[in-house]
Amino acid sequence: VTQLFQALKTVETPCGTYAVMGNHERGQADSLARKAMQETGVHLLEHKVDTLWRGKEYILLCGIRNPFDLKQNGVSPTLALREEDFVLMLVHTPDYVEDVNVAHTDLALAGHTHGDKSVCSADGHRRIFQIRQPFPDRVEV
């Protein structure tokens, strides 16, 4: 985990590097991931919204905490946002967009599908697109 986040630290990200937790970050793995994120400046979004600015324009970036626990996390933080803002949601699984009211979300990016990555549009017409990775599943860092 530490090597991965050290490698990510070398990538130039003008607006910062953001993450959400997945279903494998439990117990000790959770602690290690959080520590690595903190040490490398990765912003963990757990049911939080951050504003990414470029000049006078901005988008809102929303991260979802444990999308598998809908009893605790089944109310999307996007409900408190304005319709006119552009909201990009990061969520571990695309199921969250299907199961929860994510009003005001313009685009949700999700993983969890491993070989494929899902991009969920939440424009009132929820669609899930499978995007094939143009590279092997295993990338050495």
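The values are calculated or read from the model by the stated rules, or taken from the named source; none is laboratory data. The shown structure was predicted, so the numbers you read here are calculated from the model rather than taken from an experiment. Here the Cβ is made from the backbone with ideal geometry for all residues, glycine too, and neighbour counts use every protein chain on show. For the accessible areas, the whole protein counts, side chains as well, though only heavy atoms, and no ligand, DNA or RNA atoms are used. Shrake-Rupley method; radii C 1.70, N 1.55, O 1.52, S 1.80 Å.
Against the numbered list (1) out of contact with any Leu (no Cβ under 7 Å at 6 or more places or on another chain); (2) in a loop (DSSP other than H, G, I, E, B), D85 comes up short only at (1). Cβ separations smaller than 8 Å between residues 6+ apart or across chains give the following pairs from region 12-24 residues that are on the phi < 0 side of the Ramachandran plot and among the small types (G, A, S) to residues that are open to solvent by 50 Å² or more (accessible area, probe 1.4 Å) and at pLDDT 85 or above: A19/H43. Residue check: A29 meets all listed conditions (1) open to solvent by less than 100 Å² (accessible area, probe 1.4 Å); (2) modelled with pLDDT under 85; (3) assigned to a loop (DSSP other than H, G, I, E, B); (4) at negative phi but one, namely (3).
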